[in-house]
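Below you'll find the structure, written out as structure tokens, and then a few comments.
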Amino acid sequence: MQTDVDVLIIGAGPAGSSAAALLHKQGFKLLVVEKQIFPRFVIGESLLPHCMDLLKEADLLDAVEAQNFIHKCGAVFLRGSETCNFDFSDQFTAGWKYTFQVPRADFDKTLADAVAARGVEILYGTGVTAISFNKDSAVVTIEPPDKIARKISARFVLDCSGYGRVLPRLLDLERPTSFPTREALFTHVTGDQRPAGREGGKIWACIHPAGPWVWIIPFSNGKTSTGVVATPEFFARHPGEPDAQLREILLADPNVAARLGQMQFAMPAQRISGYACAIKRLYGPHFALAGNATEFLDPIFSSGVTLALASANRAAQTIARQLHGDTVDWQADYADHVMQGINTFRAYVSAWYDGTLQDIFFAAQSNPDVMRQICSVLAGYVWDKANPYVAQPERALPLLAQIVKMKNKTVV
């Protein structure tokens, strides 16, 4: 049995749902296949304000707003007695002043259900096992829960499979990442002693005395996501069962202990290792990659969902133009745009781990205008090239760190 569609979308997460919403609005016949059954747990729970623009673009923002997720108004970085507090109300780029902290099981299901309610068919529990191409289309083999393989002929295939990375594996598109191997050990807890008012919804990133960093993400359901990111060597120095290991590491940080000292684990600790990934190319004849199926960097700046939505929306627009018969340059119209965002975040991730950003964040004297420009990057506005800390971050951040160090020496 073979089914013909205009676009087959692999994955019903944020990228797949947003692309489906935009392509459905254009009148294309779609099929979304999702390997898992929703709701399902996934990490990556802190959105950035630019997500609001992207959700609105796909007419999905109202559905998310209706869930009453907790408002995230900024990010707080802590190192011992030092604090750097970014508030999205004070940033360089004109944009949203808040976003949401979201349990991804609820968030992803909200988006997928909204798309399905519009008439988009989503096949859950359905994997992709093979793909081939001819002149005008792709032929994809899918395996539904009944294990009876089906062929799908699609004019275009958009891979939004996230960590599943379906097409990168089937088409040998993966390449080694430039980032060293890191692991994340995490859980959800209750008993979080949150700050009052507006501050209570901000994400915390705490630099652990032993070198790793810890996230604290509050949810409106009373639970809090927390986890530690470190090298495998660090975790090896803290042997034990995952729950005990995570608890010991978390409580060894004074800032974390002050807030989570009364925590109770709401689920067993989970681990992701070697999560960073890279790709040889983002597109080919009759296919493109979006979201984490392209590259995943690191959780430190919560860029995952933003990049997923931005790449998916851009891909949907480009696919629509191509299927309508317009001339499309996938490199210029899609890949270059997506990589602009990825590479900007890459520069910030690298600067975080080599200490450059920490020097800037915890400087005794900081330039308010510069901090507003950096705040816009942390808000996800990584395509605003009017911002010098978007246009040339590899050059601007080390230079700023040097200036900060010189000023602090002068003060001392």
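Nothing in this text is a laboratory measurement; each read-out follows from the coordinates by a stated rule. This structure is a prediction, so every number in the text was calculated from the model and none was measured. Because the Cβ atoms are built from the backbone with ideal geometry, glycine has one as well, and the counts that use them run over all protein chains shown.
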Considering only DSSP states other than H, G, I, E and B, which chymotrypsin sites (Phe, Trp or Tyr not before Pro) in region 343-387 qualify as loop sites with at most 12 other Cβ atoms within 10 Å?
none
Filter the trypsin sites (Lys or Arg not before Pro) in region 167-263 to those in DSSP coil with at most 15 other Cβ atoms within 10 Å of their Cβ, and list the result.
237
Give the long-range amide H neighbours of residue 100: residues separated by 5 or more places, or on another chain, with amide H under 5 Å away, using H modelled in the peptide plane at 1.01 Å from N.
47, 72
State the antiparallel share, in %, of DSSP beta bridges confined to the chain, rounding to the nearest 5.
65 percent
In whole angstrom, the spacing between the Cα centers of region 46-82 and region 341-412 equals 22 Å
Karplus-derived 3J(HN,Hα), 6.51/-1.76/1.60, for each residue of region 272-280, Hz, glycine and proline x
10, 10, x, 6, 5, 8, 9, 9, 6
May I ask you to evaluate 6.51 cos²θ - 1.76 cosθ + 1.60, the Karplus curve with θ = phi - 60°, for each residue of region 46-59 and list the ³J(HN,Hα) values in order in whole Hz, giving x for glycine and proline?
10, 7, 10, x, 5, 4, 5, 4, 6, 5, 5, 4, 8, 6
Any of 35/72; 202/405; 97/223; 147/280; 35/280; 97/202 with alpha carbons more than 21 Å apart? Name them for me.
35/72; 202/405; 97/223; 147/280; 35/280
Output ³J(HN,Hα) for region 212-221: one whole-Hz value per residue in order, computed from phi by the Karplus curve 6.51 cos²θ - 1.76 cosθ + 1.60 with θ = phi - 60°, and x for Gly and Pro.
x, 9, 10, 9, 9, 10, x, 10, 6, 7
